[in-house]
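The values are calculated or read from the model by the stated rules, or taken from the named source; none is laboratory data. In this text, all values refer to a predicted model and were calculated from it rather than measured experimentally. Methodologically, a virtual Cβ is constructed for each residue, glycine included, from the backbone with ideal geometry; neighbour enumeration extends over all protein chains shown.
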Amino acid sequence: MNSTIPAPPVRAAEKTDFGQLPLPPHVLANLEQLGYTAMTPIQAASLPLALAGHDLIAQAKTGSGKTAAFCLTLLANLNIRRFAVQALVLCPTRELADQVTQELRRLARAEDNLKVLTLCGGATMRPQLASLEHGAHVVVGTPGRIMDHLERGSLQLDALNTLVLDEADRMLDMGFFDDISTVVKQCPKVRQTLLFSATYPEGISKLAASFVREPKEVKLSETPAPTQIRQLFFEVTEDQRLHAVGLLLNHYRPVSTLAFCNTKVQCRDLVEVLRAQGFSALELHGDLDQRDRDQVLVRFANRSTSVLVATDIAARGLDITQLEAVINVDITPDAATHTHRIGRTGRMGKEGTEDGWAFSLASVDEMGRVGLIEKAGNFTSAWAPLSSLTAASGEALTPPMRTLQILGGRKEKIRAGDVLGALTKDLGFAAAQVGKINVNEFSTYVAVSADIASQAERQLNAGRVKGKNVRVRLLDS
Ligand code: ADP
Ligand code: MG
């Protein structure tokens, strides 16, 4: 014990400065513009190794900045003048693939003419085939669909130099092992392989053993500090359960809440109860087609919907950075699932870590499950009675933002800047009244302050975006 030598003080400013990485000045300048002033811990641990060309197995929790770590690496390996697929990123779901594509586009803003193509299941084949004919530098997609394209010969990987398996744990969960193998077999042997994962279940080593060469391992198993997520349990009877959600919302007034139910039926019932009480709530369920699912997620991420209600399966792969509360409407029988659910609140906000609430509603019958959760999490649950919940103010909880849908997207060459310009320069709204602008293929979603929403809808419909008339509708709050 007494032989412990005090560690040298960590010079945080140096260790996390992007400037020490072998990245060209225009990339560094863009990072600064994006507000990436310092590397996150996983970036600081993995980027020096990855940029030196090593294969990597990297593990860090959701929201820790893994995407930028592999995107900066694959961009560094890329020769923009060579018009062929040089990097492939495999993701478990289309949402995650879309998120990776968006982050990649942001990080590559300084590269002219970088073509990124997203290839996921569920979308029709024909446009994908057409896009592939035009070629791309980077392909991001789900294993099944990538495999389809390889089989059809519509995608060639002979120029590939970087392969990324993102969210490897979830891909395994979803049974993609064989599909991944099939895809990897068609990649050139000489390549850099980067495997990223939020957790490190056993299957990962098997995956790694088959696809990764002399990898460097980077693991940051920081479990969220208990102070970051404040957990509180409430005992309920079955009659009280759904009603209790409204009590929690009125008492704590979280702007964005993710409510987990164990079944789809419970999700549907809860949304009905919440709406009847005047809350804005949307259900995320597996039967939604992808455009509807996109829309639900955008509306929630825009803070124009207060509550997103989902089962664990439907919520898989969701990445929402600003979440004030998670409510476990039912207690899950699986303690790891509980940890996963509550880990979504209190994420890194732009200003650092913010506290989040995790509320759990438990009936007498569920006390055994609570016991398992306590044991797994090594904590003693704190309880409060429902009667302690009082409405903090007489006013209904309403979302601060509304979402406008512009019928037209990338296909119509609409860009976020055009929409922001139309709202601020042409119509005179303040930039602070405009939130996220999400340009999809066929539609564009714009978050605006609730108080200007109707006016913005009217004026956008009457005016022009990028010199063109557009159709705009205000989605229900
Ligand atoms: P993960 O894949 O680990 O779950 P993401 O890559 O999605 O996490 O990153 C989470 C959020 O953090 C994203 O919104 C991303 O833009 C942001 N981010 C990543 N790196 C940095 C950084 N160095 N500085 C500031 N924000 C960052
Ligand atoms: Mg990720």
*Which of the residues that make up region 428-446 are in a loop (DSSP other than H, G, I, E, B) and buried (at least 21 other Cβ atoms within 10 Å of the Cβ)?*
none
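Please pick out the residue among ARG170, ARG152, ARG105 that is within 14 Å of ligand 2 (Cβ to nearest atom), among the basic types (Lys, Arg) and closer than 26 Å to ASP289 by Cα. Steps first, answer last, please.
Working: ARG152 fails: within 14 Å of ligand 2 (Cβ to nearest atom); ARG105 fails: within 14 Å of ligand 2 (Cβ to nearest atom).
The conditions single out ARG170.
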_Based on this model, can you work out whether THR37 counts as near ligand 1 (Cβ under 10 Å from one of its atoms) and surrounded by 21 or more Cβ atoms within 10 Å (Cβ to Cβ)?_
no
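Listed here are the residues, each with its yes/no results for (1) more than 12 Å from ligand 1 (Cβ to nearest atom); (2) touching a Gly at 6+ places or on another chain (Cβ under 7 Å).
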site: THR67; (1), (2): no, no
site: LEU72; (1), (2): no, no
site: LEU78; (1), (2): yes, no
site: LEU88; (1), (2): yes, no
site: THR93; (1), (2): yes, yes
site: LEU107; (1), (2): no, no
site: THR118; (1), (2): yes, yes
*Collect the residues in region 45-67 that are under 21 Å from the mean Cα position of the chain (by Cα) and either part of a loop (DSSP other than H, G, I, E, B) or surrounded by fewer than 22 Cβ atoms within 10 Å (Cβ to Cβ) (or both), keeping them in residue-number order.*
LYS61, THR62, GLY63, SER64, GLY65
*From the list LEU282, LEU248, LEU258, LEU274, pick out the single residue that is at pLDDT 95 or above, in contact with a helix residue (DSSP H, G or I) (Cβ under 6 Å, 6 or more places away or on another chain) and buried (at least 20 other Cβ atoms within 10 Å of the Cβ).*
LEU282
_Looking for something surrounded by fewer than 14 Cβ atoms within 10 Å (Cβ to Cβ), of a type in the set (Ser, Thr, Tyr), under 26 Å from the mean Cα position of the chain (by Cα) and more than 17 Å from ALA45 (Cβ to Cβ) - is there at least one such residue anywhere in region 180-189?_
no
*Taking GLY63, is it within 16 Å of ligand 2 (Cβ to nearest atom), at positive phi and modelled with pLDDT under 90?*
yes
*Pick from GLN59, GLN102, GLN86, GLN128: which is under 21 Å from PHE177 (Cα atoms) and not small (Gly, Ala, Ser)?*
GLN59
*Hey, ALA462 hits all of (1) at pLDDT below 90; (2) over 29 Å from the mean Cα position of the chain (by Cα) but one; which does it fall short on?*
(1)
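For region 118-130, which positions are in contact with a Lys or Arg (Cβ under 9 Å, 6 or more places away or on another chain) and either without any contact (Cβ under 8 Å) to a residue 60 or more places away in the chain or assigned to a helix (DSSP H, G or I) (or both)? Before the answer, list the steps.
The initial filter retains those residues of region 118-130 that are in contact with a Lys or Arg (Cβ under 9 Å, 6 or more places away or on another chain), namely 118-123, 125, 128-129.
The answer is THR118, LEU119, CYS120, GLY121, MET125, GLN128, LEU129.
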*Just checking, how many residues over region 253-290 are touching a Phe, Trp or Tyr at 6+ places or on another chain (Cβ under 8 Å) and not aliphatic (A, V, I, L, M)?*
2
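Quick one: which helices (runs of 4 or more DSSP H) sit completely within region 150-241 and have at least 2 residues that are more than 30 Å from TRP357 (Cα to Cα) and out of contact with any helix residue (DSSP H, G or I) (no Cβ under 7 Å at 6 or more places or on another chain)?
Details: elements: 168-173, 177-185, 202-211.
Per the criteria, 177-185, 202-211.
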*asked:* Looking for something at positive phi, away from ligand 2 (no atom under 15 Å from the Cβ) and at pLDDT 95 or above - is there at least one such residue anywhere in region 71-80?
replied: no
*How many residues are out of contact with any Leu (no Cβ under 9 Å at 6 or more places or on another chain) and closer than 19 Å to ASN161 by Cβ when one looks only at region 17-53?*
3
*Please specify each residue of region 99-117 satisfying the condition of being in contact with a helix residue (DSSP H, G or I) (Cβ under 6 Å, 6 or more places away or on another chain), closer than 14 Å to VAL27 by Cα and assigned to a helix (DSSP H, G or I).*
GLU103, LEU104, LEU107
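In region 433-470, how many are aliphatic (A, V, I, L, M), more than 25 Å from GLN290 (Cα to Cα) and touching a residue at least 12 places away in the same chain (Cβ under 8 Å)?
Filtering region 433-470 down to residues aliphatic (A, V, I, L, M) leaves 434, 437, 439, 446-448, 450, 452-453, 456, 460, 462, 465, 470.
Next, only the ones that are more than 25 Å from GLN290 (Cα to Cα) stay: 434, 450, 452-453, 456, 460, 462, 465.
Then drop every residue that is not touching a residue at least 12 places away in the same chain (Cβ under 8 Å), which leaves 434, 450, 452-453, 456, 460, 465.
Number of matching residues: 7.
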*Considering only region 173-216, state which residues are under 23 Å from ALA52 (Cβ atoms) and touching a Pro at 6+ places or on another chain (Cβ under 7 Å).*
ALA208
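Please determine, by comparing only the residues of region 309-336 that are outside any loop (DSSP other than H, G, I, E, B) and modelled with pLDDT of 90 or more, which one is nearest to GLU272 (Cα to Cα). Please lay out each step first, then the result.
Residues of region 309-336 outside any loop (DSSP other than H, G, I, E, B): 309-310, 325-328, 335-336.
Filter once more, so that each one left must be modelled with pLDDT of 90 or more: 309-310, 325-328, 335.
On the way: VAL309: 11, ALA310: 13, ALA325: 20, VAL326: 19, ILE327: 16, ASN328: 17, ALA335: 28 Å.
The extreme case among them is VAL309.
Residue-by-condition table, conditions (1) in contact with a Leu (Cβ under 6 Å, 6 or more places away or on another chain); (2) part of a loop (DSSP other than H, G, I, E, B):
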position	(1), (2)
PHE359	yes, no
MET367	no, no
VAL370	no, no
GLU374	no, no
GLU395	no, yes
ILE414	no, yes
SER454	no, no
*asked:* Condition check: out of contact with any Phe, Trp or Tyr (no Cβ under 7 Å at 6 or more places or on another chain), under 21 Å from SER363 (Cβ atoms) and assigned to a helix (DSSP H, G or I). Does LEU248 satisfy that?
replied: no
*State whether the residues of region 136-148 include one that is in a loop (DSSP other than H, G, I, E, B), at pLDDT 95 or above, aliphatic (A, V, I, L, M) and assigned by TED's automatic domain parsing to the domain that holds LYS206.*
yes
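Just the residues that are assigned to a helix (DSSP H, G or I) and away from ligand 2 (no atom under 16 Å from the Cβ), please, taken from region 283-308.
We begin by selecting, within region 283-308, every residue assigned to a helix (DSSP H, G or I); these are 290-301.
Once the filter is applied, which keeps residues that are assigned to a helix (DSSP H, G or I) and away from ligand 2 (no atom under 16 Å from the Cβ), region 283-308 yields GLN290, ARG291, ASP292, ARG293, ASP294, GLN295, VAL296, VAL298, ARG299, PHE300.
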